[in-house]
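Taking it in order: structure first as structure tokens, then the write-up.
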Amino acid sequence: MAQTATSSAESVKTIDREELKKKIDRHESFVLLETLSPEHFQHVHLPGARNAPPERLKDVASALIPSKATEVVTYCAGPKCHASADAARELTKMGYTNVRHYAGGKQDWTSAGMPVERGA
């Protein structure tokens, strides 16, 4: 179920763990972006995720997400980490039209025993 998380004057739609898990399980076409450092990403990340640290987002966005209409889901460490919400807002400013944020992040995912990947 999509919700809206408000920050400043802009809002970002969110996605919950159950919906994200269904998308991953169904191999739906979307880009999952972890907005943590490469070291955190290599340690463990959600299945199929790509790494886009906040300081590199503008540089890597067009390579990772060639079409502005592609569905994009961002996440970071957990509810207290704001990097993924900031990245979602930045992507929206860059013209991406279908961006959502998984607020629970890696913390919610792993504490629920969901599958993860390791390495680059």
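Per-atom-type breakdown for the range 1-103 gives carbon and sulfur 51% of the accessible area (1.4 Å probe, protein chains only).
In the range 73-120, the ratio of gyration radius to Kirkwood radius, Rg to Rh, stands at 1.04 when only Cα atoms are counted.
Cross-link pairs exceeding 24 Å in C-alpha to C-alpha distance, out of Lys22/Lys93; Lys13/Lys80; Lys22/Lys58; Lys21/Lys93, comprise Lys22/Lys93; Lys22/Lys58; Lys21/Lys93. Starting from the Kirkwood radius over alpha-carbon pairs of the chain, derive D by Stokes-Einstein at 25 °C in a medium of 0.890 mPa s and give it in µm² s⁻¹. So the translational diffusion coefficient is about 175 µm²/s. Near Trp109, once Lys and Arg are set to +1 and Asp and Glu to -1 for all other residues with Cβ below 10 Å from its Cβ, the sum equals +2.
Provide the per residue accessible area, probe 1.4 Å, for the chain, rounded to a whole number of square angstrom.
Values: 6500 Å² over 120 residues.
On a per-residue basis, 54 Å².
Using only helices, what value at 222 nm comes out for the chain when you add -39,500 (n - 2.57) per DSSP H run of length 4 or more and divide by the total residues, to the nearest 500 deg cm²/dmol? Working shown, then result.
Working: 5 runs with 41 residues, N = 120.
One gets -9500 deg cm²/dmol as the mean residue ellipticity at 222 nm.
Distances between placed amide hydrogens fall under 5 Å for Leu33 paired with Arg50, Val73, Thr74, Tyr75, all partners being 5 or more residues away or on another chain.
The values are calculated or read from the model by the stated rules, or taken from the named source; none is laboratory data. Just so you know, these numbers come straight off a predicted model, no measurement behind them. Note that each Cβ is placed from the backbone with ideal geometry, even for glycine, and that neighbours are counted across all protein chains shown. In case anyone asks, the SASA skips ligands and DNA or RNA and just uses the protein heavy atoms, side chains included. Shrake-Rupley method; radii C 1.70, N 1.55, O 1.52, S 1.80 Å.
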